[in-house]
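Visitor: Take this structure first; my questions come after.
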Amino acid sequence: MNRPSKWALVTGASKGIGKATAELLAENGWGVLLVARDARALEQNAQAIAENGGQARWVAADLTRAEEVQKLRHFVQETKVPLRIVVFNAGLARIGNIMEMPVETWRELFELNVFSQVAVTQALVPLLKTPAHLVFINSVAGQAVFPQWGAYAASKFALRALADTLRLELAEQNIKVTSIFPSSTDTPLHDSLGLDWDRSKMLKPQDVAKAVWAAVSADEGVLLKEISVESAKGLF
């Protein structure tokens, strides 16, 4: 099998939106580098992609740890994969009233949802083959605020500002930047929140993956800066 001439790296690729995005990219001829903490899930996902005719590699890494980000950078350098797309999907949600949520929980949210994204950007952008594309999976909470979701929304508004600034700073390097804003999506992220929501009304991970593909497959002269993806069934 020939090695793909273009590779995409997807964080949070063990499940949910990240897994669906990696699968769709592989179906469209991209080599995919899967990144998450769960090595077993990554290995299984990479094997499934290979069985479907695609090519995938994986790196287990906790992106909130500086040494793990450097491990990822070294892997990309040593394997010399022609990396052109990075999909920033790893994220965390916590809910609660602002007056009651401990500052430590805020720090936990910002460590993964913001600071790790900065660290990965700084580590990988110098290694990209241009033209290149950064895609940040944000949230409807990066566009509007809701009771109980203040800390999460704050981290997502910060992520939006990060993407908006990178779009300006990297344009001359021929690197596009897109933010995707999905409404509630049926992923394992909701399992830990204890919310009694009707998941049949939520988006599916594949819906968000298609938005990523729309952004990265657009003509070279076209930039989809922001894409909002909402359930037609009305759940925020």
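Visitor: Pick from E111, E172: which is over 21 Å from I17 (Cα atoms), surrounded by fewer than 17 Cβ atoms within 10 Å (Cβ to Cβ) and among the charged types (D, E, K, R)?
Guide: After applying the criteria, what remains is E172.
Visitor: Within segment 114-142, how many residues turn out to be modelled with pLDDT under 95 and surrounded by fewer than 17 Cβ atoms within 10 Å (Cβ to Cβ)?
Guide: The total comes to 0.
Visitor: What's the number of the condition L83 fails, among (1) crowded, with 23+ Cβ neighbours inside 10 Å; (2) at pLDDT 95 or above?
Guide: With respect to (1) crowded, with 23+ Cβ neighbours inside 10 Å; (2) at pLDDT 95 or above, L83 is out only on (1).
Visitor: Which ones in segment 47-61 are out of contact with any helix residue (DSSP H, G or I) (no Cβ under 6 Å at 6 or more places or on another chain) and either over 18 Å from Q77 (Cα atoms) or in a loop (DSSP other than H, G, I, E, B) (or both)?
Guide: Q47, A48, A50, E51, N52, G53, Q55
Visitor: A further question follows. Could you run through segment 96-119 and say how many residues are free of Cβ contacts under 8 Å to residues at least 40 places away in the same chain and either in contact with a Lys or Arg (Cβ under 7 Å, 6 or more places away or on another chain) or of a type in the set (D, E) (or both)?
Guide: Number satisfying all stated conditions: 3.
Visitor: Follow-up question, since we're still on this one. Where residues in segment 175-185 are within 27 Å of T105 (Cβ to Cβ) and among the β-branched types (V, I, T), which of them is surrounded by the most Cβ atoms within 10 Å (Cβ to Cβ)?
Guide: Only one residue fits best here, namely I180.
Visitor: Now a separate question. Of the conditions (1) out of contact with any strand residue (DSSP E or B) (no Cβ under 7 Å at 6 or more places or on another chain); (2) of a type in the set (G, A, S); (3) farther than 18 Å from L127 by Cβ, G12 clears all except one; give me its number.
Guide: Of (1) out of contact with any strand residue (DSSP E or B) (no Cβ under 7 Å at 6 or more places or on another chain); (2) of a type in the set (G, A, S); (3) farther than 18 Å from L127 by Cβ, only one is false for G12: (1).
Visitor: So is A93 among the aliphatic types (A, V, I, L, M), in a loop (DSSP other than H, G, I, E, B), over 23 Å from A215 (Cα atoms) and in contact (Cβ under 8 Å) with a residue 24 or more places away in the chain or not?
Guide: Yes.
Visitor: Check A93 against each of (1) at pLDDT 95 or above; (2) of a type outside the set (D, E); (3) touching a His at 6+ places or on another chain (Cβ under 9 Å) and name the one condition it does not meet.
Guide: Result: A93 fails condition (1) only.
Visitor: Let me ask something else about it. Check V35, V69 and return the single one that is on the phi < 0 side of the Ramachandran plot and either touching a strand residue (DSSP E or B) at 6+ places or on another chain (Cβ under 7 Å) or surrounded by fewer than 17 Cβ atoms within 10 Å (Cβ to Cβ) (or both).
Guide: That would be V35, the only listed residue that is on the phi < 0 side of the Ramachandran plot and either touching a strand residue (DSSP E or B) at 6+ places or on another chain (Cβ under 7 Å) or surrounded by fewer than 17 Cβ atoms within 10 Å (Cβ to Cβ) (or both).
Visitor: Something else: For segment 1-46, name all the residues that are in a loop (DSSP other than H, G, I, E, B) and within 13 Å of the chain's Cα centre (by Cα).
Guide: Within segment 1-46, G12, A13, S14, K15 qualify.
Visitor: Here's another thing I want to ask about it. Regarding segment 178-195, can at least one residue be identified that is closer than 14 Å to L92 by Cβ, at pLDDT below 95 and assigned to a loop (DSSP other than H, G, I, E, B)?
Guide: Yes, the conditions are met somewhere in segment 178-195.
Visitor: Right, something else. Is there a residue being farther than 19 Å from V32 by Cα, without any contact (Cβ under 8 Å) to a residue 40 or more places away in the chain and small (G, A, S) anywhere in segment 120-143?
Guide: yes
Visitor: Right, another one. List pairs: first in segment 149-163 and closer than 16 Å to E111 by Cβ, second among the charged types (D, E, K, R) and surrounded by fewer than 19 Cβ atoms within 10 Å (Cβ to Cβ), Cβ under 8 Å, 6+ apart or cross-chain?
Guide: These pairs meet every condition: A151/R94; Y152/R94.
The values are calculated or read from the model by the stated rules, or taken from the named source; none is laboratory data. Remember, it's a predicted structure, so these values are computed and weren't measured experimentally. For neighbour counting, all protein chains shown are included, and Cβ atoms are generated from backbone atoms with ideal geometry for every residue, glycine included.
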